Amino acid sequence: MTKFRAPKRSDFTRALRAGAVDLVRYPAFALVLAGAFVIIGLAIATLKYASGHSYWFVLAVMGLLMVGSLAALGFYLISWQHHRGRPITMWDIL
């Protein structure tokens, strides 16, 4: 069985540095994923306010969290493919 250790501060700084390197190397992917997150979030908020019902707010927040999780998965896939030396295409990320 695998034993896990508590994360250290150096683990977080190393992960942030690796993410920054991927962001600089592949800015188009980051812009597409972050842009999709913002556009979908604005669409959810617009639908919520256009409906005039407050109970849509809970569903909007849950939907935005799900979209954010999928965007984070896309960022992870970019780093994963880059780390393994594989070519990165938008089709693979989507």
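The values are calculated or read from the model by the stated rules, or taken from the named source; none is laboratory data. Given the structure is predicted, the values throughout are model-derived calculations rather than measurements. Backbone-built Cβ (ideal geometry, glycine too); neighbour counts: all protein chains shown. Heads up: the accessible areas ignore ligands, DNA and RNA and are worked out on the full protein's heavy atoms, side chains in. Shrake-Rupley method; radii C 1.70, N 1.55, O 1.52, S 1.80 Å.
Going from most exposed to least, what order do H82, H53 have by accessible area with a 1.4 Å probe?
Details: H82 50, H53 85 Å².
Reading off the accessible areas and sorting them downward yields H53, H82.
At a probe size of 1.4 Å, how large is the accessible area of M90, to the nearest 10 Å²?
The accessible area of M90 comes to roughly 60 Å².
If ligands, DNA and RNA are left out, what is the accessible area of V58 with a 1.4 Å probe, given in Å² to the nearest 10?
90 Å²
Projecting each Cα onto the charge dipole of the chain (Lys/Arg +1, Asp/Glu -1 at the beta carbon, about the Cα centre), which of S54, T2, M90 comes out farthest on the positive side?
T2
Between exposed chymotrypsin sites (Phe, Trp or Tyr not before Pro) in the chain, where DSSP calls loop and at most 11 other Cβ atoms lie within 10 Å, what's the longest gap?
5-54
Report the equivalent ellipsoid semi-axes for the chain in whole Å, largest first, defined as the square roots of five times the eigenvalues of the gyration tensor built from alpha carbon atoms.
With the √(5λ) rule applied to the chain, the semi-axes are 31, 19, 11 Å.
Take the alpha carbon atoms of the range 57-94, find their center, do the same for the range 10-51, and report the distance between the two centers in whole angstrom.
9 Å
Over 5 Å intervals from 0, what percent of Cα-Cα pairs in the range 1-49 sits in each interval?
Spelled out per bin, shortest first, that is 4, 17, 12, 13, 13, 13, 13, 9, 4, 1.
Please identify the helices of the chain, taking whole runs of DSSP H, that span at least 18 Å along their own axis as judged from the Cα atoms and have a mean Kyte-Doolittle score of 1.6 or higher.
Membrane-span-like by this criterion, though nothing is claimed about a membrane: 27-51.
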